[in-house]
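Notes follow once the structure below has been shown.
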Amino acid sequence: MWNEEGRLYVVVGMITAILSLVFIPLFGLLAVYCGYKLYDTQEKTVLPIVMAGLGGFGFLFWVYFLTTV
């Protein structure tokens, strides 16, 4: 199965975290969700924090940019 060890969350989370910083900031919410699910189901700590942090930063930067322009 694809998601036995959380591989699906890792792949989708990292892709969406990078895309949220470069192209589509709304994908940051999906990266935060994948980071949370990876932390919750696999009990890993470092990678979920990095994914959620990058995705959250991309999304929040976008919100900040839209509110100050």
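The values are calculated or read from the model by the stated rules, or taken from the named source; none is laboratory data. On a predicted model such as this, the values are computed, not experimentally measured, just so you know. Heads up: the accessible areas ignore ligands, DNA and RNA and are worked out on the full protein's heavy atoms, side chains in. Shrake-Rupley method; radii C 1.70, N 1.55, O 1.52, S 1.80 Å.
Expressed as a whole percent, the accessible surface of the chain that belongs to carbon and sulfur atoms is 73, based on a 1.4 Å probe.
Backbone phi angles across region 17-30, fed through the Karplus curve with coefficients 6.51, -1.76 and 1.60 (θ = phi - 60°), yield HN-Hα couplings of 5, 5, 5, 5, 7, 9, 10, 10, x, 5, 5, x, 5, 5 Hz in residue order; Gly and Pro are listed as x.
Using the Stokes-Einstein relation with a Kirkwood hydrodynamic radius computed over Cα pairs, the translational diffusion coefficient of the chain at 25 °C and a viscosity of 0.890 mPa s comes to 210 µm²/s. At 222 nm, what value in deg cm²/dmol follows for the chain if DSSP H runs of at least 4 each add -39500 (n - 2.57) and the sum is divided by all its residues, to the nearest 500? That comes out to -27000 deg cm²/dmol. Excluding ligands, DNA and RNA, the accessible surface per residue across region 2-66 is 66 Å² with a 1.4 Å probe.
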